[in-house]
Amino acid sequence: MNMAAVGQDKDNAVSTGKKILIAEDSPVTQDILKLLLTSKGYDADIARDGTEALKCLLDKRYALALMDFHMPGLNGSEVVAEFRRLADGKAAPVFVAMTADPAALLAEKNSCEQFAKVFPKPFDIDEVLDFIDFSQGGAGRAVVPEGLKLPVTEEPESGGIGPEGSAAALAQETARRLRNTGGQPGISSLADAVEFQVSFGSLSLRGLRWPEDVGPAGVSVATRSYLASGGGYDAVIVSEPALCEDLRALWEIGDLYLLPVIDENGSLGPCADVSVPSLPRGSVQRTIEETIRDFSEARMSVHVHIRQSKSLSDKVAASTYVRGNSLKPHYNANKKHGFDFDICLDAKEGAAAMAALSELGLTETVFFDRFHMCGGCRSVRMNVREECFSCRSPNLKESKFIHHFKCAYQAAEEDFRQGSDLVCPKCSRELRHFGVDYDKPGIIIRCQACGSSSSDTAVGFQCMDCGYHTDGEVAETTDVFGYALSEKGIAFVEEGPVVIGGLQTKLRFAELPLELVIQLNKAAHDFSEKETPFSLITMSFPARREMVSEHGIRLVENSRVQMMENIKNYFGGNAVTYHGEAQDYVLINRVSPENARANLPQYLEAAQSGLRIDLQARMTVFGLEDLFA
């Protein structure tokens with residue numbers, strides 16, 4: 001190992017505000033938190049009791065401190081209070097409490113004000129990591145990307161770090177919400193404190209509101225705190241006029257872009273998933289309820305790596321999947337490019353993302369239209385007009401063309417017209433009878449600007465945005481397509497990058513249940529000390545969406561539970577099972593990964609024994625080198 005490089009990484013972590021203190025007396029919790037934080041680019045120190053934690057805080061500068069409330073020596077609240085007394089102006093980190101006894105923390109005067117966040121044990125490790133990433137601008141699943149403008153309620157204090165402007169402001173706001181709930185501190189009560197209920201008839205849902213929660217300036221502080229605490233939303237509610245690009249922030253925060261957009265005023269048009277003004281009377285509640293249910297079920301089938309991907313192409317693929325597998329364009333004369341897709345994303349970004357997916361064979365294209373494009377500003381808002389071949393003026397006059405049989409003279413009708421009579425300009429004979437003296441074989445077009453005549457016109461394009469003129473024969477064109485996910489594209493969304501050859505051979509601890517991470521840590525320790533083998537099997541369900549549609553979610557979920565029971569019975573005391581949102585997990589002790597892979601068909605047969613439906617489960621085996629490499 002290059003120790004110089006390690007030292008450089010630690011220096012970088014400090015300089016970029018990524019140094020974190022873990023004050024925790026449990027060795028298992030210490031190991032897990034340090035392992036996960038290190039894997040995400042943070043430099044983590046361990047303090048095993050309150051006295052050591054206080055010394056670390058006074059000797060070093062940390063961006064955030066995770067404090068166990070009950071520790072030998074000083075408790076978490078006492079450590080924070082002592083630090084503030086002895087710091088002598090030193091910048092304070094964001095203090096976060098971890099406790100199995102929230103009531104004791106609340107019982108201490110001013111305890112809540114000491115901490116920016118309180119996590120009750122056992123905590124969800126993903127939610128802890130999300131909060132750290134939000135407060136530090138880290139690289140986690142729901143991090144706010146650079147460049148996204150977020151409102152700040154007050155000026156930062158000197159040395160403040162938290163996203164609300166300062167650690168103190170964040171602590172005060174959290175404490176205020178905890179007090180307002182009248183309940184226990186932690187994820188559930190904080191979520192209840194900032195959960196936004198929106199009603200449609202008797203239907204009540206958790207709505208992310210435009211422009212209150214997500215607006216022109218980005219995502220609100222309260223919304224970010226709610227999401228970091230593990231809160232979730234059912235839908236995006238647009239209550240005031242908005243453009244589709246106004247909701248761009250949805251694509252920057254976690255997987256908010258997978259929520260249905262409910263437009264109360266109709267301003268989004270086809271970009272909304274539900275446009276309330278266009279619904280028949282009496283159908284609003286039912287339509288919204290069905291849409292939310294369909295989106296929720298579809299999101300569960302999106303592979304975790306796709307949901308958490310930072311690639312816009314991956315996000316657009318997932319968005320297309322939950323919205324029925326198609327991305328349809330529609331005309332929009334307000335846009336220079338002339339169209340929008342039926343999602344809340346700029347059409348150019350959507351088209352570029354879909355083009356990248358098409359190159360991988362993940363989408364199929366459907367021709368929509370061909371636009372002529374300005375050579376100056378690239379707008380498609382072009383005035384198409386007939387023009388003079390000579391001077392390109394559109395000031396043209398069309399006349400009927402007369403052929404005099406007697407002298408064979410041909411000219412425009414106005415050249416023959418003398419009052420109400422027709423007289424040949426060449427031979428001066430009067431033309432009395434159509435078909436006998438003359439006929440009208442066609443038309444002639446005369447330019448009123450330059451006087452030239454022709455039987456045809458040129459075609460020209462005048463840009464209505466910049467005025468740039470283009471001759472028709474050299475005008476650029478651009479084709480617009482709609483898109484549909486191919487079978488490979490659907491598999492990509494459901495099964496992850498492995499479908500296109502991506503190296504999906506490792507699991508990330510941030511995706512696993514905390515209880516499973518603890519057991520994996522113990523299994524790895526046993527392997528190191530006693531060479532006791534173990535295997536982790538993941539069970540995914542690529543066809544889950546179709547199964548739910550055909551058999552109902554209750555039967556599908558009950559079948560998943562039964563599969564876990566079957567596996568547990570098959571291995572007896574050597575296996576521990578864990579139920580996840582999209583995947584289930586089986587940790588098998590005393591079985592090597594090589595043996596597990598060789599016996600996968602047998603395991604799968606045992607798991608599916610006695611089930612009423614075939615869940616088409618897919619098993620993948622991971623060993624020590626896959627998990628801890």
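The values are calculated or read from the model by the stated rules, or taken from the named source; none is laboratory data. Because the structure is a prediction, the values reported are computed rather than measured. Heads up, the Cβs are rebuilt from the backbone with ideal geometry, glycines too, and the neighbour counts pull from every protein chain shown. The area values use the complete protein model at the heavy-atom level, side chains included, leaving out ligands, DNA and RNA. Shrake-Rupley method; radii C 1.70, N 1.55, O 1.52, S 1.80 Å.
Here region 322-366 is the region considered, the condition is being among the basic types (Lys, Arg) and open to solvent by 60 Å² or more (accessible area, probe 1.4 Å), and the residue that is farthest from Glu245 (Cα to Cα) is Lys328. Taking region 372-395 as the region of interest, how many residues are touching a Cys at 6+ places or on another chain (Cβ under 8 Å), surrounded by fewer than 18 Cβ atoms within 10 Å (Cβ to Cβ) and hydrophobic (A, V, I, L, M, F, W, C)? Qualifying residue count for the region: 2. Applying the criterion of being polar (S, T, N, Q) and farther than 30 Å from Gly73 by Cα to the residues of region 1-38, the residue that is modelled with the lowest pLDDT is Asn2. Which members of region 397-439 meet the condition of being open to solvent by 50 Å² or more (accessible area, probe 1.4 Å) and either under 60 Å from the mean Cα position of the chain (by Cα) or touching a residue at least 40 places away in the same chain (Cβ under 8 Å) (or both)? Scanning region 397-439 gives Lys397, Glu398, Lys400.
Among the residues of region 526-584, which ones are assigned to a strand (DSSP E or B), crowded, with 16+ Cβ neighbours inside 10 Å and under 29 Å from the mean Cα position of the chain (by Cα)? Steps first, please.
The initial filter retains those residues of region 526-584 that are assigned to a strand (DSSP E or B), namely 534-540, 575-579, 583-584.
Filter once more, keeping what is crowded, with 16+ Cβ neighbours inside 10 Å: 534-540, 575-578, 583-584.
Listed by number, the residues that qualify are Ile537, Thr538, Met539, Ser540, Tyr578, Gln583, Asp584.
Which of the following residues is touching an Asp or Glu at 6+ places or on another chain (Cβ under 7 Å), farther than 30 Å from Thr38 by Cβ and aliphatic (A, V, I, L, M): Ile553, Ile567?
On the way: Ile567 fails: touching an Asp or Glu at 6+ places or on another chain (Cβ under 7 Å).
Of the residues listed, the single one that is touching an Asp or Glu at 6+ places or on another chain (Cβ under 7 Å), farther than 30 Å from Thr38 by Cβ and aliphatic (A, V, I, L, M) is Ile553.
Among the residues making up region 301-324, those that are in contact with a Lys or Arg (Cβ under 7 Å, 6 or more places away or on another chain) and either touching a residue at least 12 places away in the same chain (Cβ under 8 Å) or within 13 Å of Gly489 (Cβ to Cβ) (or both) are Ser301, Gln308, Ala318, Val322. Restricting region 460-480 to residues that are loosely packed, with under 14 Cβ neighbours inside 10 Å and not in a loop (DSSP other than H, G, I, E, B), the residue that is modelled with the lowest pLDDT is Glu473. Residues in region 585-594 that are open to solvent by less than 90 Å² (accessible area, probe 1.4 Å) and assigned to a helix (DSSP H, G or I): Pro593 only.
Of all the criteria given as (1) out of contact with any Ser or Thr (no Cβ under 8 Å at 6 or more places or on another chain); (2) open to solvent by 30 Å² or more (accessible area, probe 1.4 Å); (3) under 23 Å from Pro542 (Cβ atoms), the one not satisfied by Ser309 is (2). Criterion applied to Glu289, Glu297 was being more than 21 Å from the chain's Cα centre (by Cα) and touching a residue at least 40 places away in the same chain (Cβ under 8 Å), and the one residue passing it is Glu289.
So that you can scan it fast, the table gives a plain yes or no per residue for (1) polar (S, T, N, Q); (2) at pLDDT below 90:
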position	(1), (2)
Leu268	no, no
Leu279	no, no
Val304	no, yes
Ser313	yes, no
Leu327	no, no
Lys335	no, no
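Scanning region 36-65 for residues that are farther than 20 Å from Ser135 by Cβ, open to solvent by 40 Å² or more (accessible area, probe 1.4 Å) and not charged (D, E, K, R) returns Thr51, Leu58.
Inspect all residues belonging to region 93-101 and state whether any of them is in a loop (DSSP other than H, G, I, E, B), farther than 27 Å from Gly41 by Cα and modelled with pLDDT under 80.
Step one: of region 93-101, the residues in a loop (DSSP other than H, G, I, E, B) are 93, 100-101.
Still in the running and farther than 27 Å from Gly41 by Cα: 100-101.
Filter once more, so that each one left must be modelled with pLDDT under 80: 100-101.
Yes, that holds for at least one residue.
Looking only at residues in region 206-220 that are open to solvent by 10 Å² or more (accessible area, probe 1.4 Å) and in a loop (DSSP other than H, G, I, E, B), the one that is nearest to Asp246 (Cα to Cα) is Pro216.
Listed by first and then second residue, the pairs with beta-carbon distance under 7 Å, at least 6 apart or on different chains, first residue in region 360-380 and in contact (Cβ under 8 Å) with a residue 12 or more places away in the chain, second exposed (fewer than 14 other Cβ atoms within 10 Å of the Cβ) and of a type in the set (S, T, N, Q), are Arg370/Thr477; Phe371/Thr477; His372/Thr477; Met373/Thr477.
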